[in-house]
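What follows is a set of notes on a single structure, which appears directly below.
The values are calculated or read from the model by the stated rules, or taken from the named source; none is laboratory data. The structure displayed is predicted, hence computed values, not measured ones. Using ideal geometry, Cβ is built from the backbone for each residue, glycine included, and neighbour counts are taken over all protein chains shown. Protein only, heavy atoms only, side chains kept; ligands, DNA and RNA dropped before computing areas. Shrake-Rupley method; radii C 1.70, N 1.55, O 1.52, S 1.80 Å.
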Amino acid sequence: MAKITLDNLAHSYLPNPKGEDDFALKELNHVWNDGEAYALLGASGCGKSTLLNIISGLLHPSQGRILFDDVDVTAATTADRNIAQVFQFPVVYDTMSVRDNLAFPLKNRGSDPAYVAERVRKIAEMIGMEAELDRRARGLTADAKQKISLGRGMVREDVNALLFDEPLTVIDPHMKWELRTQLKSLHHEFGHTMIYVTHDQTEALTFADRVVVMYDGRVVQIGTPQELFEKPAHTFVGYFIGSPGMNVIPATVDGTTATVDGNAVPLGRSYGAVQGGATLGVRPEFVSLTDEGGLPVTVRRVEDVGRHRIVRADLFGNDINIVVGEGRAISPDMNRVVFDPAHVNVYVNEWRQEGEAV
Ligand code: ADP
Ligand code: MG
C-alpha cells in the first residue's frame, strides 16, 4: 500500500494546449493518504477517468509528477506501479474458467497454489460466484462478467492501490448494494488505498471516508460527507450533493447581513464589505417555512417523499426548495421562509467565503 502524491499534475489530450480550456484535467496538487478509501465524484466528462488513468499509468500526464511513497513513478508502467484497476465494462478472458480468471493475477506473479486456491475461494464467495467457478467465462451475462472483473481486481492483497472506475454500472441494482458493501469490508480488512470513481452521490457518500468532487476538469473540494453537506466549497458541490441540492440565492453582503431583494437576512459569520454581488447557499434542510418573519415566497407545490416533504417555491423569481420534517403541518398562510443563519454559506464567484466568527 502506498501514499500517492500528485505534484503539479495536469493533462490535455491536445498536442499543443493553449489555455486552461484545453486541459481535461486542470492543475492539481493532492496527496491520497495511505490506506484511505476515497470516492472521486463528478458528472460525466468532468475528468474522473483521466485522473484515474494517470494514477494507474495507463495515461501519461502532459504536466507534473506522480509519487508513490515519495518515489517518482511518472514514467513507470501500470505493472511496475503494482496497481489493480477495475473498469466500467468487464474485461475477462472468455476461454478461461471463472476460477482461472480470478486466479490469473496471482498465478501471473507466481503465488503458491494453496494460497491461490484459498484466495480464489474467498473472492468467489464475496462476489457470489462459488457455484460457477468451473464454468467458462464465455456465455456469462455482462453482470456476471463484471463481477469476475471486480473479483480479479480484489484478488491480490499486496497491491499499492485499488482503483475502480464506475465498476457497478452494468451490475443489477440489488447486487450493487451488496458489492459496494463487500468493497467496504475489503477495505476494512486490508486497508488498501482505494479510489472509487462514480457519478452517483449515494455511492460516493456510502463508500468513502473522503470524497473528491470534480467539476469541469478541476478538483473543487475534498472532504468528508459531512463537510460536503455543511460547507460546500463551490456552488457546484452544494448543488450536486444533496437531494434536492443547495438553494442558491443572489444577494449583496455586508458584514453579518445579506440583502436579498431589499430584505435583510442575518448571517452566522462576518464577511466584511463584499464588493459586487454574492450568492447565498442554503440547504433545503436549513430553510423553515413559516407565517411570519423572513422572506416572502410563493409556494408552487408540495411533494411527499416519505421521510419528509419538499416544498417547491418561488423567492423573488428564484426557485427555492424547503424540507419540511415529518409531523410538521403546512398551512396556506405559511408564505415566508427563514434561513438558519449558522447554515447560510456565502459565495463569491461560485467559491465559498470563510468569513469570520462573530
Ligand atoms: P469522466 O470519466 O469524468 O466522464 P473523462 O476523464 O473520460 O471524464 O473525460 C474528460 C474530458 O476529456 C472529456 O471532455 C472527454 O471528452 C475528454 N477525453 C477523454 N478521453 C479522451 C481521449 N482519449 N481523447 C480526447 N479527449 C478525451
Ligand atoms: Mg469515466
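Quick check on my filter: what residues within the stretch 171-212 are within 16 Å of ligand 1 (Cβ to nearest atom) and either part of a helix (DSSP H, G or I) or surrounded by fewer than 19 Cβ atoms within 10 Å (Cβ to Cβ) (or both)? Of everything in the stretch 171-212, those that are within 16 Å of ligand 1 (Cβ to nearest atom) and either part of a helix (DSSP H, G or I) or surrounded by fewer than 19 Cβ atoms within 10 Å (Cβ to Cβ) (or both) turn out to be His199, Asp200, Gln201, Glu203, Ala204.
Specify the residue that is surrounded by the fewest Cβ atoms within 10 Å (Cβ to Cβ); the eligible residues are those in the stretch 273-282 that are in a strand (DSSP E or B) and out of contact with any helix residue (DSSP H, G or I) (no Cβ under 8 Å at 6 or more places or on another chain). Restricting to residues being in a strand (DSSP E or B) and out of contact with any helix residue (DSSP H, G or I) (no Cβ under 8 Å at 6 or more places or on another chain), the top hit is Ala273.
Scan the stretch 234-254 for residues that are part of a loop (DSSP other than H, G, I, E, B) and crowded, with 21+ Cβ neighbours inside 10 Å and report the count.
Initial filter on the stretch 234-254 (part of a loop (DSSP other than H, G, I, E, B)): 241-246.
Narrowing further to those that are crowded, with 21+ Cβ neighbours inside 10 Å: 241, 246.
Here the count works out to 2.
Among residues of the stretch 32-47 being open to solvent by less than 10 Å² (accessible area, probe 1.4 Å) and within 10 Å of the chain's Cα centre (by Cα), the one that is farthest from ligand 2 (Cβ to nearest atom) is Tyr38.
For the stretch 329-346, the set of residues classified as outside any strand (DSSP E or B), β-branched (Val, Ile, Thr) and closer than 21 Å to Ala258 by Cβ is empty.
Conditions tested, residue by residue: (1) more than 29 Å from Asp333 (Cα to Cα); (2) open to solvent by less than 50 Å² (accessible area, probe 1.4 Å); (3) touching a helix residue (DSSP H, G or I) at 6+ places or on another chain (Cβ under 6 Å); (4) outside the structural domain of Gly45 (by TED's automatic domain parsing).
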residue	(1), (2), (3), (4)
Val219	yes, yes, no, no
Gln226	yes, no, no, no
Gly268	no, yes, yes, yes
Tyr271	yes, yes, no, yes
Pro284	no, yes, no, yes
Val287	no, yes, no, yes
Thr290	no, yes, no, yes
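Scanning the stretch 291-323 for residues that are under 30 Å from the mean Cα position of the chain (by Cα) and small (Gly, Ala, Ser) yields Gly306, Ala313. A search for C-beta distances below 7 Å between a residue of the stretch 37-55 that is over 16 Å from Leu162 (Cα atoms) and any residue that is assigned to a helix (DSSP H, G or I) and among the charged types (D, E, K, R), counting only pairs 6+ apart in sequence or on different chains, returns Gly42/Lys48. If you go through the stretch 56-72 and pick out every residue that is outside any loop (DSSP other than H, G, I, E, B), touching a residue at least 40 places away in the same chain (Cβ under 8 Å) and surrounded by fewer than 21 Cβ atoms within 10 Å (Cβ to Cβ), you end up with 5. Would you be able to say whether some residue in the stretch 147-166 is modelled with pLDDT of 90 or more, over 23 Å from Ile4 (Cβ atoms), away from ligand 1 (no atom under 16 Å from the Cβ) and not basic (Lys, Arg)? Yes. Put simply, of Tyr115, Tyr13 the only residue that is open to solvent by 50 Å² or more (accessible area, probe 1.4 Å) and within 16 Å of ligand 2 (Cβ to nearest atom) is Tyr13.
When each of Asn53, Asn101 is tested for being modelled with pLDDT of 95 or more, crowded, with 19+ Cβ neighbours inside 10 Å, out of contact with any Lys or Arg (no Cβ under 7 Å at 6 or more places or on another chain) and within 30 Å of Thr141 (Cβ to Cβ), the lone residue that passes is Asn53. Just one of the listed residues (Val358, Val305, Val311, Val323) is β-branched (Val, Ile, Thr), more than 20 Å from His234 (Cβ to Cβ) and open to solvent by 80 Å² or more (accessible area, probe 1.4 Å), namely Val358.
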